[in-house]
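K.L.:
Please find one structure pasted underneath; my questions will follow.
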Amino acid sequence: MPSKMTKPPALTQLGQPTATPTSPDAAILERVPNPHPDTPYVARFSCPEFTTLCPVTGQPDFGHLVIDYVPNSWLLESKSLKLYLSAHRNHGDFHEACTVGIGKRIAALLSPHYLRIGGYWYPRGGIPIDVFYQTGEVPKGVWLPDQGVAPYRGRG
């Protein structure tokens, strides 16, 4: 008979109803132990419907985020990431601040061997803005695929 999976005691959101945080600062990012800390590999999260607010106009901004990291001792718990990213919906910040801030917060929590985040933003004022942040170099021997997001080409 399979054993019942239990959540580690440090997790506060997994396995129970959790309200969307009111801001990114109020969001709790959580981590879980890496079951393969001795094996270098890439974990990827894609958020193709990321939203935030323009800090000047208050209008919504839309982006596609791709987060790649090579775990060390910890993995990013996905429900906490979803809640954290959702907390940006009512938060005003520029594309660069959002993308780099998300990358730095995840890196500070996990201390991964490597992390990169690509923020592929839809046009604001007719200009798409893509923002990229990484920590260090890709570890030797790790396959890091292309993020797979096509450059914005408009309707043409």
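K.L.:
By how many degrees, between 0 and 90 and to the nearest 10, does the Cα long axis of helix 95-110 differ from the longest principal axis of the chain?
P.N.:
So the inclination is approximately 10 degrees.
K.L.:
Taking θ as phi - 60°, what are the ³J(HN,Hα) couplings along the stretch 141-150 by the Karplus curve (6.51, -1.76, 1.60), each to the nearest whole Hz, with x for Gly and Pro?
P.N.:
Once θ is set to phi - 60°, the couplings for the stretch 141-150 become x, 8, 7, 10, x, 4, 6, x, 9, 5 Hz.
K.L.:
For the chain, modelled as a GNM with alpha-carbon contacts under 10 angstrom, which of Asp61, Asp93, Asp38 fluctuates the most?
P.N.:
Maximum among the listed residues: Asp38.
K.L.:
Another question, then. Among all stretches of the chain without exposed trypsin sites (Lys or Arg not before Pro) (DSSP loop, at most 14 other Cβ atoms within 10 Å), which one is longest?
P.N.:
5-139
K.L.:
Which GluC sites (Glu not before Pro) in the stretch 67-156 pass both tests, a DSSP loop state and at most 15 other beta-carbon atoms within 10 Å?
P.N.:
In loop regions of the stretch 67-156 (DSSP not H, G, I, E or B), the sparsely surrounded GluC sites (Glu not before Pro) are Glu137.
K.L.:
Shifting gears a bit: From the list (1) 46, 36, 30; (2) 56, 39, 29; (3) 64, 33, 26, can you say which value of Cα extents along the principal axes in Å was derived from the structure given?
P.N.:
(2)
Every number here is computed from the coordinates shown, using simple stated rules; none is lab data. Bear in mind the structure is a predicted one, so any value in this text is a computation, not a measurement. Quick reminder, even Gly has a Cβ in these numbers, built from the backbone with ideal geometry, and neighbours come from all protein chains shown.
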